[in-house]
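Structure first, commentary second.
The values are calculated or read from the model by the stated rules, or taken from the named source; none is laboratory data. As the structure is a computational prediction, the values presented were derived from the model and not from experiment. Here Cβ is always computed from backbone atoms with ideal geometry, including for glycine, and neighbour counts include all displayed protein chains. Keep in mind that these areas ignore ligands, DNA and RNA; they rest on the heavy atoms of the full protein, side chains included. Shrake-Rupley method; radii C 1.70, N 1.55, O 1.52, S 1.80 Å.
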Amino acid sequence: MKKSLLAPVGVVAVAALLLTGCTDNTKTSAAAASSSDGVITVSESETECKVGAAEAPSGQVTFRITNTGSKVNEFELLAADGLRILGELENIGPGVTRDLQMQVEPGDYQVACVPGMIGAGTRLPFKISDSGAKVEVSADRAQLQKDAVTGYTSYVKAQSAQLLTGTQEFVKAFKAGDEAKAKELYAKTRTHFERIEPVAESFGDLDPAMDLRLPDVESGTEWTGWHRAERDLWPDKGYKAMTEAERKKIGDKLMSDTQKLYDLVYSSDFKIDVNTIGNGAMGLMDEVAATKVTGEEEFYSRTDLYDFASNVDGARVAFETLEPLLKNSGDDELIAQLKEKFTAVQTLLAKYKDGEGYVSYDKLTKDQVKELADSVNALSEPLSKLTKAAVKVK
Amino acid sequence: MNQDPGDARPAQNAGSESVTPSPDASARPETEADAARSGHVPDDVADSRAGQGTSRRRLLGALGTGGAGLIVGAAATGVALAPRLESGAGAAPEPTQGSAPAGVVSMFGPHQAGIVTPAQDRMHMAAFDLIKPNLKDLESLLRDWSSAIGYMTQGLPIGGSQGAGGADLLSAPMDTGEAVGLTAANLTVTIGFGRSLFVDSKGKDRLGLGSKLPQALIELPHFAGDMLEKARSGGDIVVQACADDPQVAVHAVRNLSRIAFGRASVRWSQIGFGRTSATSRAQATPRNLFGFKDGTANLKAEDPELLEDHVWSTGLTGEQAWLNNGSFLVARRIRMFIETWDRQALGEQERSIGRTKSVGAPLSGGEEFTEPDFAKKAEGGLAIEKDSHVSLAHPQQNNGVQMLRRGYNYADGSDGLGRLDAGLFFIAYVKDPRTHYVPMQKRISARDIMQEYVRHTASGLFAVPPGLNGAGGYLGQSLLES
């Protein structure tokens, strides 16, 4: 197992202190980049993201964030993969300074300023060096469960925020008839959806409206969403292209559904639990096994491997979010097994990388598909034990 | 692209709220430890490491002595196995100590079950390839399989009475459950090893077992007319599950596949819906899809000396000795062009086979079990034509070598041209394929009149290790620990 491929163990502490450890204040900060007490100053606005240091010693880390812009802003500390959010401050108003304080283990991370709280924001690499300081891990299982929920909620929000900005761009190109641009954005943007698909599915009609494939559409009902656009961009023989008005209708509907998803996820009613996280991981891998590895998902664009990778990303984030709970209950064997199997799937997928994305599904041989399917089975077996291990009292 | 949305409508995936967990290979050792810690181990399979109940190994050992042993085993643990056994016994006519309940074939003995066992009505055979070829995976897989086979052949869910689901709602059950409420249906599970387990296509050692490659585990030659599909042929390990209930046979392969996830994956699998051979004189000779009795001259369980001479591996020494008391399994998927066959005049059909269609008597006269007289003349030539199937396949014409045939009729739906994709899944157990199969098949493929109506589409040859003698063992142990 390559350690570099795995998320740092630091998650534990970080997530644990995410809420409890943050101190909120409205003082204006000192100008010093990284003062002697280890405070790292950050100033962010719509256009800039200035982080006073690119590195900090492990242990207690404090970011002091000042919003110098005129719009609400957000600051995040992310795992090196840029997916999992280890700590964040949302809703930092203009002119306001707040502290994000947490325990972080040595490793590579990212920090992000997310103006307007949409999109991926500006991201910078951040390193935590080994100070020798012992990072505290909460032994309180209820607290760990709460932290996992907080961490995963942040992740879901971040992905839907990126989906929102991505979709804006895609819909713009699609409506304008800029086929090349729309095709380029299609799979890339869907990545954010596929990573959190079980969440979209939990909102009833939203998933069918956004992600239904042609064979799933019941006669007499309207086909909308991503795959409707997909067929228009990669038409099959005999397909009649959409008119500009039709493209507008489909594009606008996709946009409004995406906005709805974003609003639901950001609403205070959005509640998940440890069960949802664990079962979500299973759900994502079940998706892979059912329609991604078989090449049914992206029937026209053949971008199935993007979705495959995104589902695996999502499942891995869910697992890593629950990892402190597994550690707490002594399920080290399951942790080791899952890490090994996730790495195996991702290493295999990496073979089919093509630039930023993946090769077309129809480039895969039967044997290669079988190999992928085997690796999914090998992962899904131990993954089916994740929920039970995470929800147990101890 | 002929994709019509109206046609193929894949089932909707379960959403996050109702996730269907995918199978869970709970039979793996680490899982037992896991379960033991969380206190959910069914008593009858409690791992000895957990310090409670009977270990799976000990359970297997107890099962080893047949029905009586079973009772003892259950008494020793004094737990959940007992009630289940009672219900099992209730289904049997008059279970007595010392004999297995009706419908249960012991997996123990010098030879593996499922060879001379009276041929059951149904079969599901699967070949597996190791994912990352290594001895550790192979051994753990064979151990886990042996344990699961121990449960299933007793008509029990894998993991014991709670194996298919108890009070634990958060885990996927160990056993998939579709055989609950069914009897063991004489289930036998027989395993064998393909040449590819030992060496790769260039003859290079794959797992460190190269020196133990049996000399007789050859690459079968190309026989005239062979149109073999690679994806349906060969494999590192074969599993033959036979039972009188198709659900029981399919359940066995399904669960063994699930246990194998991550270690081995199914290369091909084949269902046979009806036996085409009798392996005991107590059984009537069944018919194949040509409508003819098949396997009249088959070796039978009642001929121990003949089995010794023609089926069991004996006298092997040194690195080959692990296979003593084992055998070789030849599998051939023989597609029959039955539509063409069905149009042939009865005379032509009988001429091809060399026997009458009605009773299966040789065309030289007599009844089904009358020895054919290959010298007998009839109008215009021999009564039994030289190139008829019986003439080419009969032991008399093959230096006296015999096979134990255990084939099944198969039908895999239709082929899109309105023809049934059906035929014979030929299975034979032989002492040495070089002497007991290849010469005969060469002759048949080159000359048999019947060849016009068949096509071999898949092939496999496997070395079948000896049986499991008792406590603490696992199938294939002699290969790994010799």
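Exactly one residue among A:Lys253, A:Lys248 is of a type in the set (Lys, Arg) and over 27 Å from A:Asp304 (Cβ atoms), and that residue is A:Lys248. The one condition from (1) without any contact (Cβ under 8 Å) to a residue 12 or more places away in the chain; (2) touching a Gly at 6+ places or on another chain (Cβ under 7 Å) that A:Leu254 does not meet is (1). When B:Gly194, B:Gly150, B:Gly235 are checked against the criterion of being more than 14 Å from chain A (Cβ to nearest Cβ), of a type in the set (Gly, Ala, Ser), in contact with an Asp or Glu (Cβ under 7 Å, 6 or more places away or on another chain) and surrounded by 15 or more Cβ atoms within 10 Å (Cβ to Cβ), a single residue qualifies: B:Gly194. Do we find that A:Glu323 is open to solvent by 10 Å² or more (accessible area, probe 1.4 Å) and under 20 Å from the mean Cα position of the chain (by Cα) in this structure? So A:Glu323 fits the description; yes. Remark: pairs (first residue in the range A:320-331, farther than 14 Å from A:Lys385 by Cα and more than 13 Å from chain B (Cβ to nearest Cβ); second residue open to solvent by less than 20 Å² (accessible area, probe 1.4 Å) and hydroxyl-bearing (Ser, Thr, Tyr); Cβ separation under 8 Å; 6+ apart in sequence or on different chains) = A:Thr321/A:Tyr152; A:Thr321/A:Tyr155. Quick check: anything in the range A:28-48 in a helix (DSSP H, G or I) and modelled with pLDDT under 50? Looking through the range A:28-48, none of the residues is in a helix (DSSP H, G or I) and modelled with pLDDT under 50. Restricting the search to the range A:135-169, which residues are more than 26 Å from A:Tyr266 (Cβ to Cβ), touching a residue at least 40 places away in the same chain (Cβ under 8 Å) and open to solvent by 60 Å² or more (accessible area, probe 1.4 Å)? A:Glu136, A:Val137, A:Ala139, listed by residue number.
If you go through the range A:186-197 and keep only what is in a helix (DSSP H, G or I) and open to solvent by less than 10 Å² (accessible area, probe 1.4 Å), you end up with A:Tyr186, A:Ala187, A:Thr189, A:Arg190, A:Phe193, A:Glu194, A:Glu197.
If you filter the range A:361-394 down to residues that are part of a helix (DSSP H, G or I), buried (at least 20 other Cβ atoms within 10 Å of the Cβ) and among the polar types (S, T, N, Q), you find that the one that is farthest from the other protein chains (Cβ to nearest Cβ) is A:Ser375. Reported count of residues in the range A:99-109, each being open to solvent by 40 Å² or more (accessible area, probe 1.4 Å) and part of a strand (DSSP E or B), is 2. What about A:Ser129, is it away from chain B (no Cβ under 14 Å), among the hydroxyl-bearing types (Ser, Thr, Tyr) and surrounded by fewer than 19 Cβ atoms within 10 Å (Cβ to Cβ)? Taking the combined requirement at face value, the residue satisfies it. Considering (1) in a loop (DSSP other than H, G, I, E, B); (2) under 30 Å from A:Asp286 (Cβ atoms); (3) at pLDDT 95 or above, the lone condition that B:Lys136 does not fulfil carries the number (1).
The set of residues in the range A:290-312 being within 11 Å of chain B (Cβ to nearest Cβ) and touching a Phe, Trp or Tyr at 6+ places or on another chain (Cβ under 8 Å) consists of A:Lys292, A:Tyr300. Note on the range A:236-249: among residues that are farther than 18 Å from A:Glu296 by Cβ and in contact (Cβ under 8 Å) with a residue 12 or more places away in the chain, the one that is most open to solvent (accessible area, probe 1.4 Å) is A:Glu244.
Close contacts from the range A:202-222, counting a first residue that is at pLDDT below 90 and a second that is of a type in the set (Val, Ile, Thr) and open to solvent by 30 Å² or more (accessible area, probe 1.4 Å), with Cβ to Cβ under 9 Å and a gap of 6+ residues or different chains, come to A:Ser202/A:Thr276.
Condition check ((1) modelled with pLDDT of 95 or more; (2) touching a His at 6+ places or on another chain (Cβ under 6 Å); (3) more than 21 Å from B:Lys132 (Cα to Cα)) across all residues:
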{"residue": "A:Phe319", "(1), (2), (3)": "yes, no, yes"}
{"residue": "A:Gly330", "(1), (2), (3)": "no, no, yes"}
{"residue": "A:Leu334", "(1), (2), (3)": "yes, no, no"}
{"residue": "A:Ala344", "(1), (2), (3)": "yes, no, no"}
{"residue": "A:Val391", "(1), (2), (3)": "no, no, yes"}
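Conditions tested, residue by residue: (1) more than 30 Å from B:Thr435 (Cβ to Cβ); (2) of a type outside the set (A, V, I, L, M, F, W, C); (3) more than 19 Å from the chain's Cα centre (by Cα).
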site: B:Val253; (1), (2), (3): yes, no, no
site: B:Gly262; (1), (2), (3): yes, yes, yes
site: B:Arg267; (1), (2), (3): no, yes, no
site: B:Gln270; (1), (2), (3): no, yes, no
site: B:Ala297; (1), (2), (3): no, no, yes
site: B:Leu306; (1), (2), (3): no, no, yes
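Name the one entry in B:Ala179, B:Ala224, B:Ala216 that is among the small types (Gly, Ala, Ser) and out of contact with any Pro (no Cβ under 8 Å at 6 or more places or on another chain). Even if it seems obvious, please write down each step before you answer.
Details: B:Ala179 fails: out of contact with any Pro (no Cβ under 8 Å at 6 or more places or on another chain); B:Ala216 fails: out of contact with any Pro (no Cβ under 8 Å at 6 or more places or on another chain).
Step by step, each of B:Ala179, B:Ala224, B:Ala216 is checked, and only B:Ala224 is among the small types (Gly, Ala, Ser) and out of contact with any Pro (no Cβ under 8 Å at 6 or more places or on another chain).
Residue-wise test of (1) hydroxyl-bearing (Ser, Thr, Tyr); (2) within 14 Å of chain A (Cβ to nearest Cβ); (3) buried (at least 24 other Cβ atoms within 10 Å of the Cβ).
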| site | (1), (2), (3) |
| --- | --- |
| B:Val239 | no, no, yes |
| B:Arg254 | no, yes, no |
| B:Gly272 | no, no, yes |
| B:Arg281 | no, no, no |
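Just one of the numbered conditions (1) without any contact (Cβ under 8 Å) to a residue 40 or more places away in the chain; (2) in a helix (DSSP H, G or I); (3) under 18 Å from B:Ala102 (Cβ atoms) is not true of B:Gly181: (2).
This table checks each residue for (1) within 23 Å of the chain's Cα centre (by Cα); (2) open to solvent by 50 Å² or more (accessible area, probe 1.4 Å).
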{"site": "B:Gly159", "(1), (2)": "yes, no"}
{"site": "B:Phe198", "(1), (2)": "yes, no"}
{"site": "B:Lys204", "(1), (2)": "no, yes"}
{"site": "B:Ser211", "(1), (2)": "no, yes"}
{"site": "B:Ala216", "(1), (2)": "yes, no"}
{"site": "B:Lys230", "(1), (2)": "yes, yes"}
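Taking the range B:169-191 as the range and being open to solvent by 50 Å² or more (accessible area, probe 1.4 Å) and not aliphatic (A, V, I, L, M) as the test, the residues that pass are B:Pro173, B:Gly181, B:Thr183.
From the residues in the range B:99-129 that are part of a strand (DSSP E or B) and buried (at least 21 other Cβ atoms within 10 Å of the Cβ), which one is modelled with the lowest pLDDT?
Looking only at the range B:99-129, we keep the residues that are part of a strand (DSSP E or B), and these are B:108, B:122-129.
Narrowing the set further to residues that are buried (at least 21 other Cβ atoms within 10 Å of the Cβ) leaves B:108, B:122-128.
Numbers: B:Phe108: 94, B:Arg122: 98, B:Met123: 98, B:His124: 98, B:Met125: 98, B:Ala126: 98, B:Ala127: 98, B:Phe128: 98.
Among those that are part of a strand (DSSP E or B) and buried (at least 21 other Cβ atoms within 10 Å of the Cβ), it is B:Phe108.
Restricted to helices (runs of 4 or more DSSP H) entirely inside the range A:218-289, those with at least 1 residues that are small (Gly, Ala, Ser) and within 14 Å of chain B (Cβ to nearest Cβ) are A:274-287.
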